[in-house]
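The values are calculated or read from the model by the stated rules, or taken from the named source; none is laboratory data. Computed from a predicted structure; not experimentally measured. We place every Cβ from the backbone using ideal geometry, glycine too, and count neighbours over all the protein chains shown.
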Amino acid sequence: MLSYRLGLLLLTLLLGACSTSPLHQSTNQADQSTSDSLTENTQTDGGDTELALPTTETDHEHTTPSQINPDNLITSPTLLVDKKLISEMNTEHQLALENYQTLLHVMGPEKAPELPRSLTTEQLTDNLVKQKTLELQAYNQQAEATLASQAERAKQRKSSVMKGDHVQIFFSEISIQHPDNGFNAQPLVGQWVRGEQRSIRLNNNFLIEPPLSETLSVTFSEDYQVLLNGQLIVSINPNQEKNDASFTIKTADQQGQVTGKLGYRIITP
């Protein structure tokens, strides 16, 4: 009977030992796994490999230069300007230059409206070119209205009796020299009213063939100045009946030279 009880006790101990071993082994494996993981992470932190972080949609948005510095769109434009817009602006600008020159000659620098400033190449964007074209169009409309009003004023002066509003100009000893030809022009006389600009033709009538000629723009400005091709020659004193002056000016195409003498006489209609 005692032997039977000892046998049962040994069997129970043997079964307990068998059931405990796998559990312990599993625990050891888990501890080893955790240790390996910690070791791996420690090695990664000290090495060159970067940890993969979760990404969001915001991480994929590209930052443009304009978001960093808004001036980049002006100093380094990335958009091409429409060539048609550039052409329209250039046409208006050329007309504005011509109108300004006429106003400058007829009215004088103090009365002629200022020409709009030009755009720099760094400012060439579609919107700015459109705005500048509109500005030039407005200037040309104003300039043409002013010139029309000026022409009407000069027309009315033709029948006025104001002293100094009428001048007679004599041209003599005129010589025209171009790089490829030259000639002496016949003397001319003409009459201008204050504020009038008119062109005359200088001809060489000593040739059998069709004569050489040169166009000369003559202006008697609002401020009593005589200009030839836009160049100031003499200021007229309305109280001085007559005077004369010599001149050397550029031709209208800026390629040649015109020299000569002019005399003026204040007249009363």
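Hey, can you tell me all the residues within the range 86-131 that are charged (D, E, K, R) and under 10 Å from the mean Cα position of the chain (by Cα)? Those that are charged (D, E, K, R) and under 10 Å from the mean Cα position of the chain (by Cα): ARG117, GLU122.
Consider GLU173 carefully, then state whether it is outside the structural domain of ALA245 (by TED's automatic domain parsing), exposed (fewer than 15 other Cβ atoms within 10 Å of the Cβ), at pLDDT 90 or above and of a type in the set (D, E, K, R). Here the answer is no, as GLU173 does not meet what is asked. Restricting attention to the range 94-112, does a residue exist that is assigned to a loop (DSSP other than H, G, I, E, B) and in contact with a Ser or Thr (Cβ under 6 Å, 6 or more places away or on another chain)? The answer is yes; a qualifying residue exists. Just one of (1) under 18 Å from LYS250 (Cα atoms); (2) over 39 Å from the mean Cα position of the chain (by Cα); (3) surrounded by 14 or more Cβ atoms within 10 Å (Cβ to Cβ) fails for SER217. It is (2).
Is one or more of the residues making up the range 182-200 surrounded by 14 or more Cβ atoms within 10 Å (Cβ to Cβ), of a type in the set (Lys, Arg), more than 35 Å from the chain's Cα centre (by Cα) and modelled with pLDDT of 90 or more? Checked the range 182-200: at least one residue is surrounded by 14 or more Cβ atoms within 10 Å (Cβ to Cβ), of a type in the set (Lys, Arg), more than 35 Å from the chain's Cα centre (by Cα) and modelled with pLDDT of 90 or more. Remark: pairs (first residue in the range 235-255, surrounded by 13 or more Cβ atoms within 10 Å (Cβ to Cβ); second residue part of a loop (DSSP other than H, G, I, E, B); Cβ separation under 6 Å; 6+ apart in sequence or on different chains) = ILE236/TYR224; PRO238/LYS163; PRO238/GLY164; ILE249/ASN229; ALA252/ASN229.
From ASP59, ASP126, ASP82, which residue is of a type outside the set (A, V, I, L, M) and modelled with pLDDT under 65?
ASP59
Residues that are within 16 Å of GLU98 (Cβ to Cβ) and touching a helix residue (DSSP H, G or I) at 6+ places or on another chain (Cβ under 7 Å) were ranked within the range 119-147; the one that is surrounded by the fewest Cβ atoms within 10 Å (Cβ to Cβ) is GLU144.
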